[in-house]
1. Which condition from (1) over 19 Å from the mean Cα position of the chain (by Cα); (2) open to solvent by 90 Å² or more (accessible area, probe 1.4 Å) is the one that LEU62 breaks?
2. Could you give me the residue pairs with C-beta distances under 7 Å whose first residue belongs to segment 48-65 and is under 16 Å from ILE35 (Cβ atoms), whose second residue is open to solvent by 70 Å² or more (accessible area, probe 1.4 Å) wherever it lies, and which are 6+ apart or on separate chains?
3. Of all residues in segment 1-33, how many are β-branched (Val, Ile, Thr), surrounded by 14 or more Cβ atoms within 10 Å (Cβ to Cβ) and under 30 Å from GLY86 (Cβ atoms)?
4. Within segment 3-33, count every residue that is within 19 Å of the chain's Cα centre (by Cα) and either among the polar types (S, T, N, Q) or closer than 18 Å to GLY65 by Cα (or both).
5. Mind checking which residues of segment 1-52 are over 30 Å from LEU78 (Cβ atoms) and of a type in the set (D, E, K, R)?
Amino acid sequence: MKKWTVGELQALRAAWRFMIGLGSLAIIVSVGLLILYLNLSPEQKSSDVHKHDVLTGIIIILVAGAIVVAGWKLRLYLKKCESETGQSSKPFGWVP
């Protein structure tokens with residue numbers, strides 16, 4: 001296994017946190033917008049502006065879910081690298 005530097009481990013740590021955070025935010029916003037879509041009147045739902053709202057929302061949720069899963073896998077890989085090399089991505093002790 002490659003001997004990781006602390007900077008590389010920190011970059012991996014920042015990447016998985018960013019992926020999970022951004023994916024979770026996208027899921028929350030998309031679900032909120034889909035809930036608002038349910039409150040539209042039938043005339044508004046059938047207009048050209050809102051024609052593909054549900055399909056677009058579902059696609060965004062699926063892509064964001066894939067990003068969250070990839071971030072989680074990256075987190076597991078980082079933990080594996082830390083345990084095998086004996087190095088930490090937290091060079092100053094406890095860091096959230």
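The values are calculated or read from the model by the stated rules, or taken from the named source; none is laboratory data. Keep in mind it's a predicted model, so treat the numbers as computed, not measured. Please note: Cβ atoms are built from the backbone with ideal geometry, for glycine as well, and neighbour counts cover all protein chains shown. Note: areas computed on protein heavy atoms with side chains; ligands, DNA, RNA excluded. Shrake-Rupley method; radii C 1.70, N 1.55, O 1.52, S 1.80 Å.
1. Here LEU62 meets the rest and fails (1).
2. HIS50/GLN44; GLY57/LEU33
3. Number satisfying all stated conditions: 1.
4. 20
5. If we filter segment 1-52 for residues that are over 30 Å from LEU78 (Cβ atoms), which is where we start, we get 32-52.
Once the filter is applied, which keeps residues that are over 30 Å from LEU78 (Cβ atoms) and of a type in the set (D, E, K, R), segment 1-52 yields GLU43, LYS45, ASP48, LYS51.
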